[in-house]
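So the structure is just underneath, and the comments pick up after that.
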Amino acid sequence: MKIRTRYAPSPTGKMHVGNLRSALYEFLIAKHAGGVFMLRIEDTDQERFVEGATEIIYRTLKQVGLEHDEGPDKDGGFGPYVQSERMKTGIYTKYAKELIDRGEAYYCFCDKERLDSLKTEVVEGKEITIYDKHCLSLSKEEVEANLAAGRPYVIRQNNPSQGTTTFHDELYGDITVENAELDDMILIKSDGYPTYNFANVVDDHTMGITHVVRGNEYLSSSPKYTRLYEAFGWEAPKYVHLPLVTDENHKKLAKRSGHSSFEDLTEQGFLPEAVVNYIALLGWSPEDNREIFSLDELIREFDYHRISKSPAVFDIVKLRWMNGEYIKAMDFDVFYQMAEPYLKKALTKELDLRKIAAMVKTRIEVFPDIVEMVDFFEKLPEYDIAMYTHKKMKTNAQSSLEVLTELLPLLEAQEDYSNDGLYQTLAKYVEDKGVKNGYVMWPVRSAVSGRQTTPAGATEIMEVLGREESLKRIRRGIQLLKAAAGEMEEGHSMEEEHSMED
Ligand code: GLU
């Protein structure tokens, strides 16, 4: 049997993380088995339709590499692949009428007033009305007369009121409900459109779908699906309902979290490959707990039987880490192209941006991190001299002042401001002084960057800054340290004195 899966989105807005996960798992199940991954657009709910949402679906699937084998733009002989177009072929009414002929469905002419008067029940916190099968008792002649008179109607499924129905899910196992609880759900609405549940079943069957993956918000309506498959005498596909994706507080991942959709994530600088990798692990894990997977590797490893039933917590910190791993592994030129806009946002001076890019490549988690990490190259930030004190390096303001003061003439005399040249000078000074490396490097790096953490060491930073700017910053460091030591030089302006006190 050829495995055929489908991603069946309704074009109602952005691509939610949960939807993308369904698409990914459908894709992986198909590709793992050498089967077909199909795209079907479920656009029969006109009220929820959002302009442009179909384009988002195409764009996202393309960006993440989930290429479909069949779909509206790729005919595989099972089309049309858009429900509104399928509807025009009359397929849904044809099958609804087939059910009427089998006594499994019936015309219902009840008007709103009558439906409103039916008694309601509260099931799982929701108020529902169970239709009382009033129209089931209409004679064939009455039905014909009503149709001829053009009375508006819907077609309802005729569910048994006794016994039970069992739905099987690959993860959740058997779910059994009392038939009395099943409403005679509408299959065809009064506007002629099929309901979502009906179109879904007819389409999955007629399009040869073998596996359905979707969010478990659909689990409660699933017994109705069993009823439809039984009514038709069709074999149901295998269903895999996925646990909810939640935020850190175990609430459904909502828009306000700021990262509930694929687009939110890419706008925040996440790479599509990293997002896909992360989403694959939202509920699924391989045997060996490995975490980094390319799409091809996922295809090889994915086994839906290993999906967990517990809610999947969306952990943005973990995704950031993973994204950082993808950035580290990127080809430098590709990385540079993507990093350049962020570098240019922080840096307007003429600096070697490629060199700076190489510094940050292994340190950022998302591209926007670059801006704050490199802005000290543009302008020395205001800093507190407490920074010169480092326990492990055994440095403090006094030792730093000494080091910088002694180094200044050496660096002023130095012409070669390459990383290597500078390093040699500093290393020699370290040796002559008989101290540890950090004792010298820490104050130098602090002075030239004004930052506690930097994407590179002192001499690499100085190479990029150049001779003039490096010396200027070292002099500034000496000046600040001196001022703090109470050795204010003559001619200091009052203004500077004040800002020191701040
Ligand atoms: N059209 C449904 C949605 O977008 C898909 C449900 C299903 O996969 O059956 O939520």
Share of Cα-Cα pairs in the range 199-276 lying beyond 14 Å, as whole percent: 71
Theoretical FRET efficiency, 1/(1+(r/R0)^6), r = Cβ-Cβ of residue 410 and residue 315, R0 51 Å, to 0.05: 0.55
Most positive-pole-ward Cα, 16, 292, 143, against dipole of the chain from beta carbon charges: 143
Across the chain: Cys residues that no other cysteine approaches within a C-beta distance under 4.7 Å: 110
The range 165-179 residues near the modelled residue 121 label - backbone nitrogen below 17 Å, point 7 Å along Cα→Cβ: 165-166, 176-179
Rounded percent of accessible protein surface that carbon and sulfur make up, the chain, 1.4 Å probe: 49
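Tell me, which longest segment in the chain has none of the GluC sites (Glu not before Pro) that fall in DSSP loops with at most 12 further Cβ atoms within 10 Å?
Answer - 125-234.
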Computed [θ] at 222 nm, helices only, for the chain once each DSSP H run of length n ≥ 4 contributes -39500 (n - 2.57): -14000 deg cm²/dmol
Residue 334 paired with residue 129, simple spin-label distance in nm, labels 7 Å along Cα-to-beta-carbon: 5.7
Rh by Kirkwood over Cα pairs, then Stokes-Einstein D for the range 153-253 at 1.002 mPa s and 20 °C, µm²/s: 146
Difference of contour (0.36 nm per residue) and Cα-Cα distance, residue 287 to residue 386: 30.7 nm
Cβ-Cβ FRET estimate between residue 235 and residue 268, R0 fixed at 45 Å, reported to 0.05: 0.55
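Mind ranking 290, 6, 151 by accessible surface for me, highest first, 1.4 Å probe? List each step's numbers first, then the result.
Working: 290 80, 6 10, 151 110 Å².
Final ranking, largest accessible area leading: 151, 290, 6.
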nm² value of the averaged projected area, convex hull over the Cα atoms of the chain: 33.2
Residue 479 paired with residue 147, simple spin-label distance in nm, labels 7 Å along Cα-to-beta-carbon: 9.3
Average accessible area per residue (Å²) across the chain - probe 1.4 Å, nucleic acids and ligands excluded: 50
Förster-model FRET efficiency, 56 Å R0, residue 102 and residue 308, C-beta, rounded to 0.05: 0.90
Surface/4 of the Cα convex hull for the range 328-384, nm²: 4.0
Out-of-range pairs (alpha-carbon distance over 21 Å; input 14/62; 31/224; 97/119): 31/224; 97/119
Area accessible to solvent at residue 349, 1.4 Å probe radius, in Å²: 100
Positive-end residue of 155, 118, 458, charge dipole of the chain with Cβ unit charges: 155
Extended-chain gain in nm, criterion 0.36 nm per residue less alpha-carbon gap, residue 45 and residue 297: 87.0 nm
Amide H contacts under 5 Å for residue 188, placed H, 5+ residues apart: 155, 195
Volume per residue that the Cα convex hull of the range 264-398 spans, once the total is divided by residue count, Å³: 173
Built amide H within the under 5 Å cut-off of residue 261, gap 5+: 17
Cα-based Rg and Dmax for the range 418-476, where Dmax is the largest Cα-Cα distance (Å): 10.8, 28
Dipole axis of the range 241-375 (+1 Lys, Arg; -1 Asp, Glu on Cβ), positive-most option in 269, 242, 258: 258
Extension reserve of the residue 325-residue 379 stretch, reckoned as 0.36 nm per residue once the Cα distance is removed: 16.5 nm
Computed accessible area, residue 14, all protein chains, 1.4 angstrom probe, square angstrom: 110
Extent along principal axes [Cα atoms of the range 1-152; Å; largest to smallest]: 54, 38, 32
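The values are calculated or read from the model by the stated rules, or taken from the named source; none is laboratory data. Note that the structure is predicted; figures quoted are calculated from it, not measured. Glycine gets a Cβ as well: all are built from the backbone with ideal geometry, and neighbour counts include every protein chain shown. Quick note on the areas: whole protein, heavy atoms, side chains included, nothing else; ligands and nucleic acids left out. Shrake-Rupley method; radii C 1.70, N 1.55, O 1.52, S 1.80 Å.
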